[in-house]
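Written below as structure tokens is the structure these notes are about.
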Amino acid sequence: MKNKLRGSICIATAVIIWGSAFIPQSVSMDLIDPFTFLFFRNSLAVAFLVLLATAFDIGKCSMRESAAKWQDPRLWKAGFLCGLGLCMGTTLQQMGLVYSDAGKAGFITAMYIVLVPVLGLFLKRKPTKGAVAGIILAVIGLYLLSCVGVTQVNKGDLLLMGCALGFAIQILCVDLWGEGVDGIRLNCVQSFVVVVFSLVMMLTTETVVMADVKAAFGSIAYAGILSSGIAFSLQIIGQKDLDPTAASIIMSMESVVAVICGAIILKETMTFWEISGCCLMFIAVTLAQLPEKKKS
């Protein structure tokens with residue numbers, strides 16, 4: 001019970017950080033390009049996580065033993081696989097924020113909770129009836145949220161749907177390969193994967209203006225240290241204490257936080273159809289993760 005409470009607190013804290021991070025991420029797109037933001041954000045996260053992992057080892061082991069922990073092959077395998085999903089998720093999310101507002105992006109991103117059981121089919125994990133109902137409701141909700149009143153689906157909506165798939169892959173990779181691996185170091189390695197990818201894309205597709213990077217540093221620091229550094233570490237640690245169902249339901253609250261922050265800070269408004277779509281998606285992500293009742 002104590003471990004479950006600790007896991008719930010970890011993921012709930014991560015959710016608050018992630019939901020509020022949509023604001024600085026959205027604002028930063030007025031200043032710098034997506035890959036530039038991701039490179040500096042995750043570079044800052046890697047530096048922070050290396051220092052954090054070292055600080056936690058002080059008094060527990062020698063500096064040589066602390067450094068040796070980075071040589072664990074399980075760490076790099078898990079970090080690389082989780083990093084691929086994280087890279088896909090964060091990249092498409094940041095690009096999607098160029099076209100969609102923060103609250104809307106938060107709800108579409110929450111589709112990863114619905115996609116988790118779908119991807120589980122490839123691992124021979126049959127989705128529950130609640131998951132099937134959740135998928136149907138999510139499709140309807142996404143239509144109301146993104147398509148009512150417009151002649152075509154917004155480009156940002158498609159990018160954010162791809163982002164949801166990336167985060168679903170990352171969540172499953174943490175469950176499959178994160179057991180027995182240091183959570184902070186795992187987050188550091190997966191963030192490093194994003195750094196490498198975003199560096200290549202930044203140098204080949206964007207023009208970096210350091211004055212603009214300096215102007216966006218507040219947003220970069222918030223997303224890098226709090227969202228990438230702390231929140232993703234809390235997610236990994238929290239998933240070790242909770243079953244995937246409980247963890248996913250808590251994580252789905254990220255979208256609610258995003259909407260609240262968008263309304264309060266950015267003064268964003270949503271139409272009746274968008275609000276209806278948000279409600280359906282919230283019900284969908286909850287239904288998709290409810291455990292199926294066992295037959296007596």
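Restricting the first member to the range 4-29 and to residues that are closer than 14 Å to Ile265 by Cβ and of a type in the set (A, V, I, L, M, F, W, C), and the second to residues that are modelled with pLDDT of 80 or more and not in a helix (DSSP H, G or I), the beta-carbon pairs closer than 9 Å and six or more apart or on different chains are Val27/Ala216. Test Leu49 against the stated conditions and say whether it is in contact with a Gly (Cβ under 7 Å, 6 or more places away or on another chain) and not in a loop (DSSP other than H, G, I, E, B). So Leu49 passes the test. From the list Ala231, Ala223, the lone residue that is touching a Lys or Arg at 6+ places or on another chain (Cβ under 8 Å) and closer than 24 Å to Met281 by Cβ is Ala223.
Of the helices (runs of 4 or more DSSP H) lying entirely inside the range 149-221, those containing at least 2 residues that are buried (at least 17 other Cβ atoms within 10 Å of the Cβ), modelled with pLDDT of 90 or more and not hydrophobic (A, V, I, L, M, F, W, C) are 155-177, 183-205. If you check Ile17, Ile58 for being closer than 21 Å to Arg185 by Cβ and out of contact with any helix residue (DSSP H, G or I) (no Cβ under 6 Å at 6 or more places or on another chain), only one passes: Ile58. Return a yes/no flag: does the range 31-41 have any residue that is of a type in the set (D, E, K, R), at negative phi and assigned to a loop (DSSP other than H, G, I, E, B). Yes, the range 31-41 has at least one match.
Thr54 satisfies every condition listed in (1) of a type in the set (Ser, Thr, Tyr); (2) surrounded by 16 or more Cβ atoms within 10 Å (Cβ to Cβ); (3) in a helix (DSSP H, G or I) except (2). For the range 240-269, filtered to residues that are at pLDDT 75 or above and buried (at least 24 other Cβ atoms within 10 Å of the Cβ), the residue that is nearest to Ile23 (Cα to Cα) is Glu254.
Taken over the range 69-110, the residue count meeting the criterion of being out of contact with any Gly (no Cβ under 9 Å at 6 or more places or on another chain) and either in a helix (DSSP H, G or I) or under 23 Å from Ile250 (Cα atoms) (or both) is 13. Looking only at residues of the range 136-145 that are hydrophobic (A, V, I, L, M, F, W, C) and modelled with pLDDT of 75 or more, we find that the one that is farthest from Cys278 (Cα to Cα) is Ile136.
The values are calculated or read from the model by the stated rules, or taken from the named source; none is laboratory data. Keep in mind that this is a model prediction, so the values were computed, not measured. Note: ideal-geometry Cβ built from the backbone for every residue, glycine included; neighbour counts use all protein chains shown.
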